[in-house]
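Only one structure is covered here, and it is reproduced in the block below.
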Amino acid sequence: MGIYREVETEVTCDTCGECIKAWSSAGTGVSRAWAAYYARVEGATVGKKGVMCKECRIAERQKKCSLIKRLGEPGREADGTCRGFGTENDDEPIEQCKRCIACVDFDWEEEKARLKF
């Protein structure tokens, strides 16, 4: 009689309950550190306060944004991302908005490349 072990690893958002990443493997499985790494590559945040998916991160960031609190709503895209605030002469978002994860112009591919080994 043989022994068979199957390990399932699932990373879920603590805020909305959405599954961010999941693995099913025979044998050893995926460690917590690697699961956290792959969740970060997908745009999630993993830390002491828990796991938060990309969409919840964007919503949380918009709630805390000092520019939105001070200047009002800048407009939203269909997916809920912020269009950012421009200058008087230009519709292009300012640099502070471009660096924000909630802005349309934030480069998620660059962020993935930064996190990759």
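The values are calculated or read from the model by the stated rules, or taken from the named source; none is laboratory data. Not measured: the values here are computed from a predicted model. Positions of Cβ are backbone-derived with ideal geometry, glycine not excepted, and every protein chain shown enters the neighbour counts. Heavy atoms of the whole protein, side chains included, go into the accessibility calculation; ligands, DNA and RNA do not. Shrake-Rupley method; radii C 1.70, N 1.55, O 1.52, S 1.80 Å.
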*asked:* Looking at region 95-103, can you tell me whether even one residue there is surrounded by fewer than 15 Cβ atoms within 10 Å (Cβ to Cβ) and acidic (Asp, Glu)?
replied: yes
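So which residues in region 42-87 are polar (S, T, N, Q), closer than 15 Å to residue 97 by Cβ and either open to solvent by 20 Å² or more (accessible area, probe 1.4 Å) or within 10 Å of the chain's Cα centre (by Cα) (or both)?
If the condition is that a residue be polar (S, T, N, Q), closer than 15 Å to residue 97 by Cβ and either open to solvent by 20 Å² or more (accessible area, probe 1.4 Å) or within 10 Å of the chain's Cα centre (by Cα) (or both), then 62, 66, 87 are the ones that fit.
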*asked:* For region 4-41, which positions are among the β-branched types (Val, Ile, Thr) and open to solvent by 90 Å² or more (accessible area, probe 1.4 Å)?
replied: 15, 28
